[in-house]
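Encoded as structure tokens, the structure appears first; notes follow it.
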Amino acid sequence: MNTLTVLLLLLGIHVAVTDRIRPAIRSLALQGILLGFLPLADSAGSSWRAATLCLATVGVKGIAIPAILTRATSRLGIGQEFESLISTKANILTTGALALAAFLACSRFGLSGSDELGAAAGLTLIFSGLLMMTTRVKAVSQVIGFVVLENGIFLFGAASGSEFTLPIELGIFLDLFVAVFLMGILMFKIHRTFTHMDVRKIHTLKD
Amino acid sequence: MPFLFLMPLAAAAVALLARSPGQAALGTVIGASGIVADAVLMASSLPLSGGGDLFRLDELGMYFLFLVAGVHLVCAVYSYGYFRRETERGHLGMSKVRKYHVWINLFVLSMVSVVCAHHLALQWVAVEATTLFSAPLIYLHGDRKGMEAAWKYLLICSVGIAFAFLGIIFLSRAAGDFPLTYTALSAAAGKLDPRFLRLSFLFFLVGYGTKMGLAPMHTWLPDAHSQAPAPASAMLSGVLLNCALLALLRILPAVPGSYASPLLILFGIASIAVPALLIAVQRDIKRLLAFSSIENMGIIVLGIGFGGGARPAALLHVLNHSLAKVLLFLVAGDLVLRYGTQRIQRIHGIFRQAPLSGVLLFGGVLAIAGSPPFGSFWSEFGILAGGISGGRLAASLAYLALLAVIFGSFLMYGSGMVFGDGNPRKLSAPELWCLLPACVLLVSCLWLGLHVPAGLYRLLERLSATVAFS
């Protein structure tokens, strides 16, 4: 359980600090597959439920979403580099500081050892996802940031023991999948009309 | 209750097969009437539940359901006239009209799920679904601005809603063994872990507040609501914001007032103040209306935060705002098509050229600005009175001052557009199916201002008891 959490955290940090898009998507896919093992590690629930959740997680987060992102990057001819408003150095330092803040915050939640680690790792992913969404320039990297954020929430929720009935859990996956799918479609459409994927230049709407 | 979910699905299927804007609109109108009729039939046997813990329709849900279904019906009738004109002019092809009707019905399906949800996590799923199903409506025209608006909408609201999910995680931590249904939570009030409950409420407020357009999380709203086609804008402003509000209201009975009330007042005042400044310098008629939606959500949240006598007034304002805002979006959409511009300055002399539209627009402006004899005057006044009698003097005075500023701006825009010399261009003929729904709305606004039915008043008192702080 702890190894899994640490791996998830390391993959998340890799996505957050790398300046290349494809490796980031690969790490994101691996993270999605590993997240699928979380319900299996929880021995309390029924095995049917765990198996369904595992399949849904791997299917949506490990396969479908990375596939959409890969397709978008290759079809749209988006360059290999992430462009960021802050330097790589500043990015690494900020991510480290956010991780520290997340661990400090979670030490006050009163969770037990491995759950505390899980919650802190989840919170780190949430923070770094938000950081990516605010500092990265390309539309595809904002979507990657959003998926990191969602993965963080998933991990955080699993660690703090929130469980819902199967229809609700599946509804959550469906929502996430449709959201990323729609973002992918919009990326194509925006690319066609704007011929660039730089969100800095998308600001015709203002007061 | 299953009928409620089947009607919009059936209407969406009809729209897929429709060959003309008329057929598609007819399907949507019949679907909407079905929801209204079903709601009327169910009204006497509340609360209804279904799907185990998942669905439950109580009086509060029914109040919001009536709003969703009623506005949907009015907008469906309007959409017939609106899209007929758009297709005749070659702005939109039949495939886009079909798309509109498919998505609007799915969008209504998701809003019906929000009002019927019993479990708060299911409600979250439904609120996120409202974002997903309404995003394609925003870029229906397929132009740059629409895509930019849809992109912002999708990203910002999804992140906001993700925060609300963190709120649900904290809530389940606070609740321990209690199920996360709103009935169980309000019964368990006082027994929940206060630390996690406070965190949870904060995340709910920020998350669903983003979806409601509360300042400072409102940045997506003016873009999205101004880029959608008029009937969709009306649905977004008129009922979607209410659904997000309902999601927030559901958690209030579990939260101590001493914590929730100041936060709600703070966000309420901010959400009135920010649009008050921006309304004063608006040039685009649909953005003006969108900012006014932010302001009105601020007023409602402020009233809920004041508590006491302001709470039923705030719930009444939900109704008044919906009626007036839908009226304005529908009239504005018609005018934008006929004048060929969204610029406020270029629209003038409506009364001389199209008297009925002039009356509808000016009536709507007075209604949204909270002027007597329209309903919103009474609800805004009730919130003020509740604030003062609850001892929230500073917030009440700020509220009054900001309302005066907004009233002035609206009166200026309204009279500028309605009176004065007409446009040199000749306007196209009025479209009956666009004006008729607006007339119905104006009469309802006026009726609620002249006479609040005793039954509605008693209902609001009961509803406000169910959303009181613990």
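What follows is calculated from the coordinates using simple rules that are stated; it is not laboratory data. Predicted model only: the values in this text are computed from it and were never measured. Virtual Cβ from ideal backbone geometry, glycine too; neighbours counted across all protein chains shown.
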> Just from its helices, what would the mean residue ellipticity at 222 nm be for the protein assembly as shown, if runs of 4 or more DSSP H residues each count -39500 (n - 2.57) and the sum is divided by every residue, rounded to the nearest 500 deg cm²/dmol?
Replying inline: -25000 deg cm²/dmol
> For B:LYS152, A:LYS61, what's the fewest-to-most ordering of other Cβ within 10 Å of each Cβ?
Replying inline: B:LYS152, A:LYS61
>> Using only the alpha-carbon atoms, how far is helix A:139-159 inclined from the longest principal axis of chain A? Give it as 0 to 90 degrees, nearest 10.
In response: 10
>> Classify the range B:144-197 from the C-alpha gyration tensor, please: rounded if a/c falls under 1.5, else prolate or oblate depending on whether a/b exceeds b/c.
In response: prolate
> Between B:LEU446, B:HIS218, B:LEU278, whose Cα lies farthest towards the positive end of the dipole of chain B when Lys and Arg beta carbons carry +1 and Asp and Glu beta carbons carry -1, centred on the Cα centre?
Replying inline: B:LEU278
>> Just to confirm the number: angle between the C-alpha axis of helix A:21-35 and the first principal axis of chain A, 0 to 90 degrees, nearest 10?
In response: 20
>> Cross-link candidates for B:LYS325: which lysines have Cα within less than 21 Å, leaving aside residues fewer than 8 places away along the same chain?
In response: B:LYS211, B:LYS286
> If you line up the long axis of helix A:113-135 against the longest principal axis of chain A, both from Cα atoms, how many degrees apart are they, to the nearest 10?
Replying inline: 10
> Is the range A:2-201 rounded, prolate or oblate when judged by the Cα gyration tensor, a ≥ b ≥ c being the square roots of its eigenvalues, rounded requiring a/c under 1.5 and prolate requiring a/b larger than b/c?
Replying inline: oblate
>> Between A:SER47 and B:ASP193, what's the calculated FRET efficiency when r is the beta-carbon distance and R0 is 35 Å? Round to 0.05.
In response: 0.70
> Based on Cβ point charges of +1 for Lys and Arg and -1 for Asp and Glu, what charge dipole magnitude is obtained for the protein assembly as shown about its Cα centre, in debye rounded to the nearest 20?
Replying inline: 1620
> Roughly what would the spin-label model give for A:LEU40 and B:THR219, points 7 Å off Cα along C-beta, in nm?
Replying inline: 4.1
> Taking the alpha carbon gyration tensor of the protein assembly as shown, what are the square roots of 5 times its eigenvalues, largest first, to the nearest whole Å?
Replying inline: 40, 29, 24
> Taking a point 7 angstrom from the Cα of B:ALA468 along the C-beta vector, which residues in the range B:308-347 have backbone N less than 15 Å away?
Replying inline: B:308-313
> By count of other Cβ within 10 Å, fewest leading, how are B:ASP334, B:ASP421 ordered?
Replying inline: B:ASP421, B:ASP334
> Counting other C-beta atoms within 10 Å, which of B:MET297, A:MET187 has the fewest, and how do the rest follow?
Replying inline: A:MET187, B:MET297
> What number of lysine-lysine pairs in the range A:2-201 show an alpha-carbon separation below 23 angstrom, given a sequence spacing of 8 or more or placement on distinct chains?
Replying inline: 5
